[in-house]
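K.L.:
Below is a structure I'd like to ask you about.
The values are calculated or read from the model by the stated rules, or taken from the named source; none is laboratory data. Bear in mind the structure is a predicted one, so any value in this text is a computation, not a measurement. Neighbour counts are summed over all protein chains in view; Cβ atoms, including those assigned to glycine, are modelled from backbone coordinates with ideal geometry. Just so you know, the surface numbers come from the protein's heavy atoms only, side chains and all, with ligands and any DNA or RNA stripped out. Shrake-Rupley method; radii C 1.70, N 1.55, O 1.52, S 1.80 Å.
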Amino acid sequence: MTPREEYALLKERFKKETSFTQKETEEIDKAFALAERVHSAQLRYSGQPYIIHPIAVANILVDFGMDAQSIEAALLHDTVEDTDVTLDDIRSNFGDDVAALVDGVTKLGKVPLATKEEFQAENIRKMLLAMSNDIRVIIIKLADRLHNMRTLQYMAPQKKRDIALETLEIYAPIAHRLGIRAAKEELEDLAIRFLDPIAYADIENSLDQMSKSRLEFLEETKAKIAQRISTVVKNPKIDGRIKSVHGIYRKMYMQNKNFDQIYDIYAIRIIVDSVIDCYNCLGVIHDMFRPMPGRFKDYISTPKPNMYQSLHTTVIGKDGIPFEVQIRTWEMHRTAEFGIAAHWKYKLGIKGGKSSLDQRLAWIRQMLDDQKESGDVQELVRAIKSDLVPEDVFVFTPRGDVINLPSGATVIDFAYAIHTAVGNKMVGAKVDGRIVPIDYVVKTGEIVEVLTSSQPGKGPSRDWLNIAKTSSARNKIRSWFKNEKRDENILEGKAEIEREFRRNYIRLSDEDYQQFIKHLAARQRFDNLDDFYAAIGFGGISIIRMMPYIKEEYNKTYRPQEQVQPADVVEPTVKRKGKDGVTVEGIDNVLIKFSRCCNPLPGDEIIGFITRGHGVSVHKRDCPNVPHVLSEAAEPERWVKVTWNDDVKEEFKANLQITALSRIGLMADISVQLANMRVNINEISSRDMKDGRNIIYMTITVSNVDHLKNVIARVEKVDGVLSVER
């Protein structure tokens, strides 16, 4: 189908599904004509004309029910970035509003992945700022991302994975928070398809195998419910749905459940006219089927943060098959399907519902305020990943007020959700009348009372940073330390830098140390060193996250250029195959031992040292005990060239240092990962740090450097692990 034929179908949708005026339709025609002309020479990766993409984005926005200006901006959204068209051209031809939308979408650009966290965080900050000015910007961007995901198969393999991960971590949570369910579920399903194709195919296969029985079950159950419900309420609409692939994936692979253990694969949705009808229908459902204990949720009396409202209950049907029933009104259904976009689709837009819209976007401004308070722009990334994705819990204050928190939140999060001052003065908490520990995880329906103290010197503990679940609470704790404990923070920051430098073998003279620290502070945009130390001390900056850059700068600037083999070291001409997987040039039948200070592995660059009476000791070339310049060593003639044998098949011991957040089950999770890789643990020990971290020292058996890299990569994925180093 040609682009003009695609656009003709889009125009037919305008007539049937929108109420655009003649003038608005003409403006959209004008936007299409400009986009078609300037994109005429461009092709997508699939080989299709590029203009197909803006038309597809416009089609998605029609599904969302967006206004004419959004459709115009969708057709033009790539013109400023990819063609000679300027923003002034858009403004003069289509007005300020359309130009602002195009500019907002263009500025968002590509959000880089977590390997470039600072750039990712800055782009997300721009995204939130654009959203707070005009929410249509992000809705257009979501539609753009949705079409790109639908055609992702034409990209290179690594590019597919990068874009899919970005979609799952950033765009799907934002779609969820805006309440646009259809976009959220499709983005998640498409992301899993490219991130874990085997699991995706496995779930699809399981669904296909039960497709016939599933349809029969749903149709039979719907008919039975309709027969009973019709006697209680007028004109109910009853639908059946299947849980999304990503929803099943999360429960199977993240909660370690079998396909048969997922109780809400099936769902029946009942849509009625009034709230009273919802509760009447609930009574009928519980009379018809046996409800499962603990599986009833009332989101009508306590809506989700994205304004989602519905009654959810899981019941046992025919042959013991569990299924979920969702009961809602038509207005709730529109909000559930289209979220924030329902303001345009059902004419509740900017003019009619400004205060309501502002209320629903308050979380964006809260995130920006939290980030400004903490001073760490990367906190936005962590906030989106932790606060926007989880299911919600609803907890009550003693006065009956409802506090909404993400799943896994603690009494600390509850206290700070009430007020910053309440959190700062908290000394304990009661849940349903009984004292609970400070790390107690709250559950829906509980009544939580915060115990406070106004005594001087009382305040948060640094350990709370590791206990709090929400980014908002963590930012408020950091802010307290930042403002109240500056001298202590400076000392703590200095001590932490010195610890990390010692741990990473960074040795500098006093003068070089000061210059190096000033350089690091300037890179983090601090004018003086005390502010930099304080930021590290109160947790605003993580020195551990900076270490890869610090080591790179140190090696580049302060370590002398290594000379692998200086001219005055004896260069043996005879090379014989040695024992223990190593060949020493010029020496035969010599005792080989691997130094314990660096534990070299096949694949490492190595060098040998002739010991007195103990043969040749093999070191890594970058071992701290090996001179940088061999010719300047005390006895340079004792350093000899050694190489790994090509057919080395030995097993070698490697030392690991694992830095992680302290939590119950950490050691068990790490051991399970190593056991799954059939890696033997020879020694293990750990110690707790004052800042809530846990340092684990471990000796394991591996075959070579590549094997070790795989082990490190697997351990780094364990929840709470911050870094893994040899």
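K.L.:
Those residues that are assigned to a strand (DSSP E or B), open to solvent by 20 Å² or more (accessible area, probe 1.4 Å) and more than 25 Å from Phe594 (Cα to Cα), I need them from segment 664-701; list them, please.
P.N.:
Correct list: Arg687, Asp688.
K.L.:
Under 6 Å by Cβ, and 6 or more places apart or on different chains, what pairs join a residue from segment 1-16 that is more than 11 Å from Ile55 (Cα to Cα) with one that is in a loop (DSSP other than H, G, I, E, B) and not charged (D, E, K, R)?
P.N.:
Phe14/Phe20
K.L.:
Is it the case that some residue within segment 702-719 is in a strand (DSSP E or B) and closer than 19 Å to Asn466 by Cβ?
P.N.:
The answer is no; no qualifying residue exists.
K.L.:
Name the pairs: first residue in segment 480-501 and farther than 15 Å from Asn528 by Cα, second residue buried (at least 17 other Cβ atoms within 10 Å of the Cβ) and of a type in the set (S, T, N, Q), Cβ to Cβ under 9 Å, at least 6 apart or on different chains?
P.N.:
Trp480/Thr420; Trp480/Asn424; Phe481/Asn489; Lys482/Ser374; Lys482/Asn489; Glu484/Asn424
K.L.:
Okay, moving on. Quick check on Lys30: is it at negative phi and exposed (fewer than 13 other Cβ atoms within 10 Å of the Cβ)?
P.N.:
It is false that Lys30 is at negative phi and exposed (fewer than 13 other Cβ atoms within 10 Å of the Cβ).
K.L.:
Also: Do you know which residues across segment 432-443 are open to solvent by less than 20 Å² (accessible area, probe 1.4 Å) and under 16 Å from Val393 (Cα atoms)? Spell out how you get there, then give the answer.
P.N.:
Start the filter on segment 432-443 by keeping residues that are open to solvent by less than 20 Å² (accessible area, probe 1.4 Å), which leaves 436, 442.
Matches in segment 432-443: Val442 only.
K.L.:
For segment 267-290, does any single residue satisfy the condition of being modelled with pLDDT under 90 and closer than 30 Å to Lys717 by Cα?
P.N.:
no
K.L.:
If you take the residues of segment 399-431 that are part of a loop (DSSP other than H, G, I, E, B), open to solvent by 40 Å² or more (accessible area, probe 1.4 Å) and at pLDDT below 85, which of them is farthest from Pro456 (Cα to Cα)?
P.N.:
So in segment 399-431, the residues part of a loop (DSSP other than H, G, I, E, B) come out as 399-401, 407-409, 419.
Filter once more, keeping what is open to solvent by 40 Å² or more (accessible area, probe 1.4 Å): 399-401, 407, 419.
Of the ones still in play, those that are also at pLDDT below 85 are 399-401, 407.
Details: Arg399: 28, Gly400: 30, Asp401: 29, Ser407: 33 Å.
Selected residue: Ser407.
K.L.:
Right, another one. What single numbered condition from (1) under 25 Å from Lys23 (Cβ atoms); (2) within 30 Å of the chain's Cα centre (by Cα); (3) open to solvent by less than 50 Å² (accessible area, probe 1.4 Å) fails to hold for Asp63?
P.N.:
(3)
K.L.:
Could you name every one of the helices (runs of 4 or more DSSP H) located completely within segment 460-516 that has at least 3 residues being within 22 Å of Ala660 (Cβ to Cβ) and open to solvent by 60 Å² or more (accessible area, probe 1.4 Å)? Steps first, please.
P.N.:
Numbers: elements: 464-467, 471-484, 486-503.
It comes to 486-503.
K.L.:
Does Ile606 satisfy being closer than 30 Å to Ser461 by Cβ and either modelled with pLDDT of 75 or more or touching a strand residue (DSSP E or B) at 6+ places or on another chain (Cβ under 6 Å) (or both)?
P.N.:
The answer is no for Ile606.
K.L.:
Can you name the residue in segment 66-95 that is among the β-branched types (Val, Ile, Thr) and in contact (Cβ under 8 Å) with a residue 12 or more places away in the chain and, of all such residues, is nearest to Lys16 (Cα to Cα)?
P.N.:
Ile71
K.L.:
So for segment 655-663 (the condition being surrounded by 14 or more Cβ atoms within 10 Å (Cβ to Cβ), more than 35 Å from the chain's Cα centre (by Cα) and modelled with pLDDT of 75 or more), does at least one residue qualify?
P.N.:
no
K.L.:
For residues that are outside any helix (DSSP H, G or I) and hydrophobic (A, V, I, L, M, F, W, C), scanning just segment 282-295, find the one that is least open to solvent (accessible area, probe 1.4 Å).
P.N.:
That would be Phe289.
K.L.:
Checking Lys11 against (1) over 25 Å from Met149 (Cβ atoms); (2) open to solvent by 70 Å² or more (accessible area, probe 1.4 Å), which test does it fail?
P.N.:
Lys11 satisfies every listed condition except (2).
K.L.:
A follow-up question, please. Scan segment 444-459 residue by residue and report those that are within 26 Å of Lys297 (Cβ to Cβ), at pLDDT 85 or above and open to solvent by 70 Å² or more (accessible area, probe 1.4 Å).
P.N.:
Ile447, Glu449
K.L.:
Something else: State which residue is most open to solvent (accessible area, probe 1.4 Å) when the search covers only segment 296-323 and only residues that are under 18 Å from Ile242 (Cα atoms) and assigned to a loop (DSSP other than H, G, I, E, B).
P.N.:
My answer is Ile321.
K.L.:
Mind listing whichever residues of segment 1-45 are touching an Asp or Glu at 6+ places or on another chain (Cβ under 7 Å) and charged (D, E, K, R)?
P.N.:
Glu27
K.L.:
Among the residues of segment 160-188, write down those that are within 30 Å of Gln309 (Cα to Cα) and open to solvent by 30 Å² or more (accessible area, probe 1.4 Å).
P.N.:
Filtering segment 160-188 down to residues within 30 Å of Gln309 (Cα to Cα) leaves 164-188.
Of everything in segment 160-188, those that are within 30 Å of Gln309 (Cα to Cα) and open to solvent by 30 Å² or more (accessible area, probe 1.4 Å) turn out to be Leu165, Leu168, Glu169, His176, Arg177, Arg181, Ala182, Lys184, Glu185, Glu186.
K.L.:
Now for a different question. How many residues does segment 708-726 contain that are closer than 13 Å to Gln657 by Cα and not aliphatic (A, V, I, L, M)?
P.N.:
Residues in segment 708-726 being closer than 13 Å to Gln657 by Cα and not aliphatic (A, V, I, L, M): 4 in total.
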